[in-house]
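Take a look at the structure below.
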Amino acid sequence: MIGTLALIIGVSTLFITLILRLIGAFNFTSLIVLVTIFNSAQWLFAPYIIDAIYRVRELRYHENPELHQIIDRLSKKSGIKKPKLMIANVSLPNAFAYGSPLTGNRVAVTKGLLQILDIDEIEAVLGHEIGHLKHRDVQAMMFLSLLPSIFYLIAEWFYYSSLFRGYGYEERDQGGAMMFLIAMLSLVAYYILTLLILGFSRLREYYADRHSATITEYGAEKLASALVKIAGYSKRIKSSGVTAGSTSFKALFICDPDAKIDLRTIRLSTEEMRLIREIAHRKLTLAERLAELFSTHPNLTKRLRALMELM
């Protein structure tokens, strides 16, 4: 994870240096400051937006004492302050960790999750979300999201500036060509960084899975079982027309609600561990490997393989 973070920062620094050389004396510090302020404000107020989109409210202690006791126990094991426990009025089974300095850390479970998982599986899912808070993944992703935003804004700025340079004079033609080159270079940087950040997001999930496996008893087995159930029920519910709301926040979920998961090739079994092994040992198709590159979450098969190594 640290290596990926260093690679992202290195690539962004390289492109910034190249663009500065092409720009010369042009000062776009104010542009970067503006993007930074906007993204920081988005991070600060994002919990309120998430609460509105997914109809999230605080789950009081008397409503589910057992869930509160689990969160309290896992937080102590992880060495972090107990986050606020929330519940989302969403039928899709899922869970997510989020927060900001304005709201503090929060862990939310959906009503769908509480309906399909048993308490041991819910504990493993909560251990995963506690892992995200322990590793400060929310802050890391906020910082990284600034970088492609800056390059995308630079690309737009210089692309439209090149259009307004006009044609007819050699100097104006050269200036417009230079601006167009900067715009294309920034766009390339945007796409490269986006792919790297998606890769970083997938790494976050593996580390959160491992954290759950280490702080809950038989955590790897419980989490593997929970992931299979979540994926299966999500596919079934979405086929009936239910959506996960805004895709802007799907990186928060324990499973990507939009993932194209093909469970038809798996022979269902009444034995959960047998089913998990069948999924973990299936061969990924080329389409699935390519789709994973553009996903915030690892392919379910690969996640189960990693969890089986911890069993």
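The values are calculated or read from the model by the stated rules, or taken from the named source; none is laboratory data. Being a predicted model, the structure only gives us computed values, none of them experimental. Here the Cβ positions follow ideal geometry from the backbone for every residue, glycine too, while neighbour counts run over all protein chains shown.
Annotations for the structure displayed:
- Between Ser78, Ser100, the distinction of being hydroxyl-bearing (Ser, Thr, Tyr), within 22 Å of Ala226 (Cβ to Cβ), surrounded by 14 or more Cβ atoms within 10 Å (Cβ to Cβ) and out of contact with any Gly (no Cβ under 7 Å at 6 or more places or on another chain) belongs to Ser78 only.
- Ala259 being out of contact with any Pro (no Cβ under 8 Å at 6 or more places or on another chain), at pLDDT below 90 and more than 30 Å from Ile53 (Cβ to Cβ): no
- Against the criterion of being at pLDDT 80 or above, closer than 19 Å to Gln42 by Cα, out of contact with any strand residue (DSSP E or B) (no Cβ under 9 Å at 6 or more places or on another chain) and among the aliphatic types (A, V, I, L, M), Met184 does not qualify.
- In segment 120-140 there is no residue that is of a type outside the set (Val, Ile, Thr), farther than 21 Å from Tyr207 by Cα and over 17 Å from the mean Cα position of the chain (by Cα).
- The lone exception for Gly99 - which of (1) small (Gly, Ala, Ser); (2) more than 19 Å from the chain's Cα centre (by Cα); (3) at positive phi it fails: (2)
- For segment 103-118, a tally of residues being farther than 16 Å from Ala231 by Cβ, of a type in the set (Val, Ile, Thr) and not in a strand (DSSP E or B) returns 1.
- Test: residue in segment 246-254 that is β-branched (Val, Ile, Thr), within 18 Å of the chain's Cα centre (by Cα), surrounded by 12 or more Cβ atoms within 10 Å (Cβ to Cβ) and at pLDDT below 60: yes
- Among the residues of segment 113-138, those that are in contact with a strand residue (DSSP E or B) (Cβ under 9 Å, 6 or more places away or on another chain) and either of a type outside the set (A, V, I, L, M, F, W, C) or closer than 18 Å to Arg303 by Cα (or both) comprise Ile122, Val125, Leu126, His128, Glu129, Ile130, Gly131, His132, Asp137.
- Annotation: Pro83 fulfils all but one of (1) at pLDDT below 90; (2) buried (at least 17 other Cβ atoms within 10 Å of the Cβ); the unmet one is (1).
- The set of residues in segment 72-107 being in contact (Cβ under 8 Å) with a residue 40 or more places away in the chain and under 15 Å from Ala46 (Cβ atoms) consists of Phe96, Ala97, Tyr98, Gly99, Ser100, Pro101, Leu102, Thr103, Arg106.
- Complete set of residues in segment 215-230 that are within 15 Å of Phe96 (Cα to Cα) and either basic (Lys, Arg) or surrounded by fewer than 22 Cβ atoms within 10 Å (Cβ to Cβ) (or both): none
- The residue pairs whose first member lies in segment 46-71 and is on the phi > 0 side of the Ramachandran plot, whose second member is of a type outside the set (D, E, K, R), and whose beta carbons are closer than 6 Å, counting only pairs six or more residues apart or on different chains, are Arg55/Asn89.
- For first residues located in segment 141-154 and closer than 12 Å to Ala183 by Cα, partners that are modelled with pLDDT of 75 or more and in a helix (DSSP H, G or I) and lie 6+ apart or on another chain with Cβ distances below 7 Å form the pairs Phe151/Ser186; Phe151/Ala189; Phe151/Tyr190; Phe151/Leu193; Tyr152/Tyr190; Ile154/Ser186.
- The single condition among (1) within 22 Å of Tyr206 (Cα to Cα); (2) outside any helix (DSSP H, G or I); (3) of a type outside the set (Lys, Arg); (4) modelled with pLDDT under 80 that Phe143 does not satisfy is (2).
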